[in-house]
Amino acid sequence: MKPQLIAKVALICFVLMGQDHGALAQTTKEDSNFKRHSIGSTLFLLGNIGDSVNFFQLNYGYRLTQKDNFIVEAITWTYYEPLGTYASSEEYYPGKVRAYGIGLGYQRFLWKNLFTTVEPTLFLQQFFDTDDKKIQKGFQLYLQFIVGYRFEFLKKRMFIEPAYALKYWPVNTNFPASFAAIERGAPKYKFEPGLNFGFRF
């Protein structure tokens with residue numbers, strides 16, 4: 001092989017290796033700046049002010065890839081009327097329901113920060129009468145189908161997520177008869193806005 005040809009082949013290999021190395025370095029840099037973990041809640045916690053719902057929510061997210069996020073959510077609330085007619089019910093329960101739930105969600109980023117989330121939550125429900133005496137327990141399967149957009153701040157360390165969700169609870173077991181009478185005919189779903197926030201690390 002002629003020396004000139006060898007030099008050309010060597011030069012081409014060197015350039016190609018340099019380009020691959022540059023791409024690898026860029027990918028490594030992006031990976032090192034990629035914040036996989038997040039913790040957050042919802043700004044609707046402010047609704048606890050002057051209300052008796054005792055609503056609390058804590059979310060943990062693990063970003064599998066740039067587009068795929070796995071979510072664990074701990075949530076609790078108290079309600080006094082059917083969820084399907086909440087804030088507009090004509091009748092209230094003869095007592096209250098205290099619910100404690102754990103949800104597992106999958107969030108997919110579709111385009112830029114536009115996302116969809118599917119999240120089933122399992123609730124243990126405790127039923128109390130008007131004397132605040134626990135009368136029995138039940139189980140609820142609560143499903144959320146969410147569309148929203150993530151706005152990021154402070155070098156993508158902080159975010160807020162305005163969203164809109166279809167919430168549906170097909171399983172609601174062991175309601176006391178007096179509660180079930182109020183629940184009868186109420187919708188098993190509702191559409192609701194959301195406004196989560198969080199911090200990535």
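The values are calculated or read from the model by the stated rules, or taken from the named source; none is laboratory data. Worth saying up front: this structure is predicted, and the values here are computed from it rather than measured. Ligands, DNA and RNA are excluded from the accessible area calculation, which covers all protein heavy atoms including side chains. Shrake-Rupley method; radii C 1.70, N 1.55, O 1.52, S 1.80 Å.
Some points to look at:
- Our compactness index for the range 61-150, the C-alpha radius of gyration over the empirical 2.2 N^0.38 Å, is 1.38.
- With a 1.4 Å probe rolled over the protein heavy atoms of all chains, the accessible area of 171, 147 falls in the order 147, 171, largest first.
- Long pairs among 137/167; 134/188; 67/167, criterion Cα-Cα beyond 30 Å: none
- For residue 199, the solvent-accessible surface with a 1.4 Å probe is about 100 Å², rounded to the nearest 10.
- Taking a ≥ b ≥ c as the square roots of the eigenvalues of the Cα gyration tensor, the range 105-186 is classed as prolate, since a/c reaches at least 1.5 and a/b is larger than b/c.
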